[in-house]
Amino acid sequence: MDKNIINSEFTLEEQLIIIVDKYISKRYHPGDKSFSYQLYLFFVGYHLKYFYPKRIYSKSNRNIDNIMTMFSSVYKSLTSNLLQRLNNKEGVIRELNSLVNYIDNNQEKAEEIYATVRAQYEMKVIEKELTREVRVRTVRL
């Protein structure tokens with residue numbers, strides 16, 4: 001992508017595609033067996049940070065269903081205009097396809113990964129709330 005900054009003109013789904021494009025451009029190595037796992041972690045983290053708190057793509061009790069719903073929306077946002085702006089358009093499409101195969105072939109593991117990351121995320125949110133609420137004022141005697 002020519003721009004270094006992700007503009008607010010992009011939807012959250014388009015922003016995720018741009019992030020995936022940048023990640024693929026910098027980190028992808030052919031034959032990397034863990035790349036789909038890393039990409040799945042991106043999707044989980046992005047879902048938890050931007051969509052989960054707003055209850056977007058969170059209708060199912062199965063977390064991978066929610067990720068796949070988000071994935072469908074991300075894939076639909078791959079317009080020709082956005083594809084032309086990407087540095088590694090073929091890589092993005094190929095790796096998004098690999099991600100679907102990874103999730104389909106590892107459903108139980110993907111569900112466990114999501115649950116683990118969500119628990120860590122929620123603990124972090126709770127810690128932030130606690131540190132904000134527990135401010136000790138100086139007490140004068």
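The values are calculated or read from the model by the stated rules, or taken from the named source; none is laboratory data. Only a predicted model underlies this, so the values are computations on that prediction, with no experimental measurement involved. So basically every Cβ, Gly included, is an ideal-geometry build from the backbone, and we count neighbours across all protein chains shown.
Within the stretch 73-97, if we keep just the residues that are closer than 22 Å to Ser34 by Cα, surrounded by fewer than 14 Cβ atoms within 10 Å (Cβ to Cβ) and of a type outside the set (Asp, Glu), the residue that is farthest from the chain's Cα centre (by Cα) turns out to be Arg94. Of the listed requirements (1) surrounded by 16 or more Cβ atoms within 10 Å (Cβ to Cβ); (2) touching a residue at least 24 places away in the same chain (Cβ under 8 Å); (3) more than 18 Å from Ile56 (Cα to Cα), Asn106 misses just one: (2).
Return the only residue of Lys54, Lys59 being in contact with a helix residue (DSSP H, G or I) (Cβ under 8 Å, 6 or more places away or on another chain), at pLDDT below 90 and assigned to a loop (DSSP other than H, G, I, E, B).
On the way: Lys54 fails: in contact with a helix residue (DSSP H, G or I) (Cβ under 8 Å, 6 or more places away or on another chain).
Of Lys54, Lys59, the one residue that is in contact with a helix residue (DSSP H, G or I) (Cβ under 8 Å, 6 or more places away or on another chain), at pLDDT below 90 and assigned to a loop (DSSP other than H, G, I, E, B) is Lys59.
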